[in-house]
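K.L.:
Below are the structure tokens for one structure; questions will follow.
The values are calculated or read from the model by the stated rules, or taken from the named source; none is laboratory data. Keep in mind that what you see is a predicted model, and the values were worked out from it rather than measured. Virtual Cβ from ideal backbone geometry, glycine too; neighbours counted across all protein chains shown.
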Amino acid sequence: MSEGRECTIEKLYGIILDRLERRPAGSYTASLAERGLGHVARKVGEEAAELMVAALTGEGVAAEAADLVYHVLVLLAMTGVGLEGLNAELESRMPEARARG
């Protein structure tokens, strides 16, 4: 990736939050939100299945993984879990956290 064009989960999530708040015309994220949480949840399932097929065929794994991550981030935003909730859950699963608990 070229300098200045890094894509991070945090940056993508920020864009998603902005699109959900502003709902600009032509925004795919806004259109997902308009269709509701059930639709977004089904899209997550669909994208997971597409990633599974890609992994088994060895074609398009990165593209399908990116699609899944994007839709999961939209779902996290719409449910109010957010990256903070996801990060807290992941942190609690780290071996160091288990050793402390």
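K.L.:
Exactly one of (1) closer than 17 Å to residue 76 by Cβ; (2) loosely packed, with under 13 Cβ neighbours inside 10 Å is unmet by residue 48. Its number?
P.N.:
Of (1) closer than 17 Å to residue 76 by Cβ; (2) loosely packed, with under 13 Cβ neighbours inside 10 Å, only one is false for residue 48: (2).
K.L.:
Can I ask one more? Mind checking which residues of region 58-97 are closer than 18 Å to residue 10 by Cβ and not in a helix (DSSP H, G or I)?
P.N.:
Passing the criteria: 80, 81.
K.L.:
Among the residues in region 64-79, are any over 14 Å from the mean Cα position of the chain (by Cα) and not basic (Lys, Arg)?
P.N.:
The initial filter retains those residues of region 64-79 that are over 14 Å from the mean Cα position of the chain (by Cα), namely none.
No, region 64-79 has no match at all.
K.L.:
One residue is enough: does region 22-31 have a residue meeting the conditions surrounded by 10 or more Cβ atoms within 10 Å (Cβ to Cβ), modelled with pLDDT of 95 or more and under 13 Å from the mean Cα position of the chain (by Cα)?
P.N.:
Yes: region 22-31 contains one or more residues that are surrounded by 10 or more Cβ atoms within 10 Å (Cβ to Cβ), modelled with pLDDT of 95 or more and under 13 Å from the mean Cα position of the chain (by Cα).
K.L.:
Here is a list: 4, 101. Which entry is at pLDDT below 95, exposed (fewer than 10 other Cβ atoms within 10 Å of the Cβ) and touching a Ser or Thr at 6+ places or on another chain (Cβ under 9 Å)? Lay out the reasoning, then the answer.
P.N.:
Numbers: 4 fails: touching a Ser or Thr at 6+ places or on another chain (Cβ under 9 Å).
None of the other options fit; the residue is 101.
K.L.:
Is there a residue being buried (at least 16 other Cβ atoms within 10 Å of the Cβ), under 21 Å from residue 23 (Cβ atoms) and modelled with pLDDT of 95 or more anywhere in region 61-70?
P.N.:
yes
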